[in-house]
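Notes for the one structure printed next.
Every read-out reported here was derived from the displayed coordinates using simple, explicitly stated rules and does not represent laboratory data. Note that the coordinates shown come from a computational prediction; the quantities given were computed from them, not determined experimentally. Here the Cβ is made from the backbone with ideal geometry for all residues, glycine too, and neighbour counts use every protein chain on show.
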Amino acid sequence: MPGMHAMDDFLNAEGLRAALGPATGCDHCAGLQCAGWESVTAPLGAPLLQPLGTLRDPAIDEPTYLERHAEGTSFWHARAPVALTHFPYNRCTVWRCPQCRRGFLQYTEAGGYYVDHRVRAIDPALIEA
């Protein structure tokens, strides 16, 4: 199908920015208000979102767990940088709204006794290589 991507397509910062529309969204994706990481009951997908690819670099066997934070931000903060080479971004899949191209990241945290599906809308201004 034209415009569809395999989930194993690796996206770097330039490719990610080029694939996304503005961070504002549209009526189709307006229910996803997740400027910072938010837990969801299950991974999100079609028909709400269209798969784009992954931020997991296939050349790196075990991506780092180091986090990157701008001054005054934390993991959950809405203005935290989308630091592609840092955790959890280096383990995310990338999705977008099929109508407005607003981007979303998904990451699943697997703890000892739980699985936590997380989603975050992508503000292109916060993307760091």
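Worth pointing out:
- Counted charge near V40, where neighbours are those whose Cβ lies closer than 12 Å (Asp, Glu -1; Lys, Arg +1): -1
- Among L66, L105, L32, the largest mean-square fluctuation in a Gaussian network model of the chain, built with springs joining Cα atoms closer than 10 Å, belongs to L66.
- For P(r) over Cα pairs in 10 Å bins from 0, in percent, calculated from these coordinates, the label among [x] 13, 27, 18, 12, 9, 7, 6, 4, 3, 1, 0; [y] 11, 41, 32, 15, 1; [z] 13, 47, 34, 5, 0: [z]
- Where no second cysteine Cβ lies under 4.7 Å, the cysteines concerned in the chain: C34, C92
- Here the residues H86, H77, ranked from fewest to most Cβ neighbours within 10 Å of their Cβ, fall in the order H77, H86.
- When only Cα pairs below 8 angstrom with a gap of at least 6 residues are kept, the chain shows a relative contact order of 35 percent.
- Rounded to the nearest 500, the 222 nm mean residue ellipticity of the chain from helices alone is -1500 deg cm²/dmol, with -39,500 (n - 2.57) taken per DSSP H run of at least 4 residues.
- DSSP beta bridge pairing in the chain, given as percent antiparallel to the nearest 5: 85
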